[in-house]
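Just so you know, all these numbers are worked out from the coordinates, no wet-lab data involved. Predicted, not measured: the structure shown is a model, and the values here were computed from it. Note: ideal-geometry Cβ built from the backbone for every residue, glycine included; neighbour counts use all protein chains shown.
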Amino acid sequence: MIKYLVISAVTVLGSFAFPNFQQEITRTGRIIGGTDAPVGFIPYIVSLQNPHYHFCGGSIINAHTVVTAAHCIRKSSPQLVTVVAGVTKLSNGGDKYNVGQLISHPTSDIGLIILEKPIQFSNSVQAIDWEKELNDESRDCVVSGWGETAPSLDPDHLQYINLKTISNEECLSRGQRVQDEDICTCTKVGEGICYGDSGGPLVADGKLIGCVSRGLPCAEGRPDVYTRMSYFKDWIEQNLAGPEFMNSEVQVKSSLTLIMELELKNEAKKTAQHRVYLLWNTNDFFSTDAFPKTSYNERIVGGSDAPKSSSPYVVSRRFSHMCGGSIIDAYTILTAGHCIRDVTPPWLTVVAGTYMLDEGGDRHSVREIKVHPIPGDIGLVILENPLQFSDSIQPINLEEENNDDVRDCVVCGWGQTSVSSSLSNHLQCLKSKTLSNKDCLSHGTSIRDDDICTLTKVGEGICGGDSGSPLVANNTQIGIVARGTSCAVGRPDIYTRVCYFKEWIRENRKQ
C-alpha cells in the first residue's frame, strides 16, 4: 500500500546567509575599503535583483549562463530574479534579462542562472573564462560588488579591491573553517567583503577563480571565503546552458525543489504507504501570484508507474513540491537535512497517503524541524498532530546495522521521467542495486562512511527533485536521497546511510 507525506514551503531569496523567512530577501556582503570601478572595467559582473533592489552579484560565463553563490538563489524562483548586465551604477539601469532556470548545487555554495534569452555582448558586457585546474598558490586577485561600503551605506557605484589569495592551509591557521572546495583571501583590517557581495566574482590572471561565499566578521583582517570554481568543473559543465538552450523548455533546478520515493518494485503494494512529500506553504501565506509556481528537478529517470498504495511511507508536494520523506512513526518524518535546514515549521506542510501529485492525500502541519549538523545530510520533521494510519499510510522500519553488501533496492519519485520532460504527476519507481563504498569510490564519486550508493544503467536513476525520499531494501529503509553527481548517465547516486545516524534519530524523534 502506498502511504505518502508532503511538506510545503515558500520560495524566498537569500544572500550571504539564509534570510529570515519573514523577509522577501536580505542583502548581504559589501566591499569595504574598495574603489569606484571605471565604466566597463568589469564587464563580466552582473547584478541580481528582485523587483525592488540589488541583492547579490554574479558572473557571466557564457551568453546564457551566470554563476553565483547557491545561497543567493536556493530559495528563489526564476520569476523573482532579474539579471542586470552592463551596469556600473545601479541607478543607470543596464540590460535586464529574465531568468528561465535556477540551478543550485545540492550541498555546496555554487549555483547557475540560466537566462531565457542570450546576453548581447558589447564593450561593457562580456563573458569571463573560468579556472578549471586547481591552484592553491598565493596570487594577486580582484573582487568586485555593490555591497555596503560602511554600515547601512549602499553604494550606487560598483566597487572593487585588489587582494591576494592564501593557501587553504594558511586560511585554516588563521581560524577560518574551509574545505577543499573553498578559496581564501586575506587583507588588512578595514578591507574585504561582507554582507551584500555574495555571488560576486573573484578574478586572477583574467580568469574567474571563485565566487563570494562568506566573510564574517567583516573587514577585521580575517580571511574571506569564496567557492572555488575549479573544484566544481564537472558539475558546471554538466549544467552549463549551451546554444541549444534557446529552443528548449526551461525547467527549474533547485536543491530545495526535490521529491522522491523509494521502494522495491516487486513490493510496491507494501511500500507506498510509508511515503510523504514536503510542500512550500505559498498558498497559505501569500496570494497565488506573489510566489509563482515553480518547476521541478530531481527526477526518477527510466522508472515506471507505481501501483496505488504501493509506497505508503513516502512524501511529495503538489502546488509547490519541495522534497520527499518517509514516515517512521505517527509524529515523525525522516528526510534529507538540506531539504529543511533553512526553513521554519510554519512554511511546511506534510502530505501523506497519495501517489498522485494533483489529488488525494492527508495534509499535516509541522511543529518542529530538527537537522543534523553538516556534513550529515539528515533531518526530522515533527508533526503537530499524529498521522492516522491506514492501508495507505504506514510507518517504515529503519535499518540499524551497517550492511555494505550489494542488495536489491527501489527508488520512487515524482521527478521528470526524461531529461527534457516535466514533472511526473504519477509516482515513478525504479529497481536498483546498492554498491559497496569501495566500488562507489572506484567510479570517481566522493563519498563518506555515512553515504550509501546505488548504480543503474545509463538512462535510469535519480536527479533533481527526489531529495529526502527513502531508499528501501527488504521492506526496510536503508537510505535517504542526498545527491546525484549527474542525472541518469550511469554514475552512482548517493544516499545518506540511515544506520549511521540511528542514535541521533532515537534522541531526536518524537518521544
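Too long at a 31 Å Cα-Cα cut-off: which of K433/K502; K117/K433; K431/K502; K89/K117? The pairs that break the limit, which is 31 Å between Cα atoms, are K117/K433. Taking the alpha carbon gyration tensor of region 82-231, multiplying each eigenvalue by 5 and rooting it gives semi-axes of 26, 19, 14 Å, largest first. By the count of other C-beta atoms within 10 Å, a proxy for reagent exposure, I327, I340, I110 are ordered fewest to most as I110, I340, I327. Each of G147, G206, G196 was placed along the dipole of region 140-233 (beta-carbon charges, centred on the mean Cα), and the one lying farthest toward the positive end is G206. Placing dummy labels 7 Å off each Cα toward the beta-carbon, the span from V489 to V189 is 4.9 nm. A simple spin-label model places the labels of E401 and H426 4.0 nm from each other, with each point 7 Å out along Cα-to-Cβ. Using Stokes-Einstein with the Kirkwood hydrodynamic radius over Cα pairs, what translational diffusion coefficient do you get for region 40-115 at 25 °C and a viscosity of 0.890 mPa s, in µm²/s rounded to a whole number? Approximately 200 µm²/s, per Stokes-Einstein.
In region 335-460, a dipole from Cβ-located charges (positive for Lys and Arg, negative for Asp and Glu) runs towards its positive end, and of L387, H443, V350 it is H443 whose Cα lies farthest in that direction. Fewest neighbouring Cβ atoms within 10 Å first, the residues V343, V489, V406 line up as V406, V489, V343. In this structure, R367 and S446 have a Cβ-Cβ separation that, at R0 = 56 Å, corresponds to a calculated FRET efficiency of about 0.95.
Given a Förster radius of 35 Å and the C-beta distance between D129 and K438 as r, what FRET efficiency does 1/(1 + (r/R0)^6) yield to the nearest 0.05?
Once the sixth-power term is evaluated, E becomes 0.40.
A full extension of the chain between Q120 and T35 corresponds to an added length of 27.9 nm, given 0.36 nm per residue minus the alpha carbon distance. The local environment of D405, defined by Cβ-Cβ distances under 15 Å, has a net charge of -1 under the rule Lys, Arg +1 and Asp, Glu -1. If R0 is 45 Å, what FRET efficiency do you get for E137 and N50 from their C-beta distance, rounded to 0.05? Efficiency at R0 = 45 Å is approximately 0.75.
Here the residues Y53, Y160, ranked from fewest to most Cβ neighbours within 10 Å of their Cβ, fall in the order Y53, Y160.
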